[in-house]
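Asker: My questions will all concern the structure given below.
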Amino acid sequence: DGSAAGGVGEAIAAVVAKNGAGIGPPLVRTIGFDPKPLPQATREELLCQAGLDQASMAALIESRLQTLGEKNVHDKKPVPALG
């Protein structure tokens with residue numbers, strides 16, 4: 001849906017937190033555009049400003065993988081099935 005607040009990612013994070021999957025913040029992070037109006041710009045410029053461009057996404061994923069490695073998630077309880 002494109003929005004960080006009130007979007008699909010936020011709903012998924014809430015379900016994960018509610019079910020105690022053991023992978024809550026800071027590992028779950030919603031991404032998307034801020035709710036404020038976007039300035040006039042190209043698609044690439046808007047994605048870059050929102051941190052949704054290829055370089056920003058690669059850096060975010062790398063950071064999250066590094067966090068996972070530091071927290072040793074293999075020691076945590078299994079993630080319960082949702083549904």
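The values are calculated or read from the model by the stated rules, or taken from the named source; none is laboratory data. Just so it is clear, the structure is predicted and the values come from calculations on it, not from any experiment. Accessible surface areas use protein heavy atoms only, side chains included; no ligands, DNA or RNA. Shrake-Rupley method; radii C 1.70, N 1.55, O 1.52, S 1.80 Å.
Asker: From the phi of every residue in the range 48-54, what ³J(HN,Hα) in whole Hz does the Karplus formula 6.51 cos²θ - 1.76 cosθ + 1.60 yield, where θ is phi - 60° and glycine or proline is x?
Answerer: 5, 4, 8, x, 10, 7, 4
Asker: Right, here's the next one. Taking amide H atoms as placed 1.01 Å from N in the peptide plane, list the residues 5 or more away in sequence, or in a different chain, whose amide H sits under 5 Å from that of residue 33.
Answerer: Distant-sequence amide H within range of residue 33: 3, 4.
Asker: Right, something else. Give a residue-ordered list of calculated ³J(HN,Hα) values for the range 39-44 (Karplus: 6.51 cos²θ - 1.76 cosθ + 1.60, θ = phi - 60°; whole Hz; x for Gly, Pro).
Answerer: Rounded to whole hertz, the list is x, 5, 6, 6, 4, 4.
Asker: Over the heavy atoms of residue 45, what accessible area does a 1.4 Å probe trace out, to the nearest 10 Å²?
Answerer: Near enough 90 Å² of accessible area.
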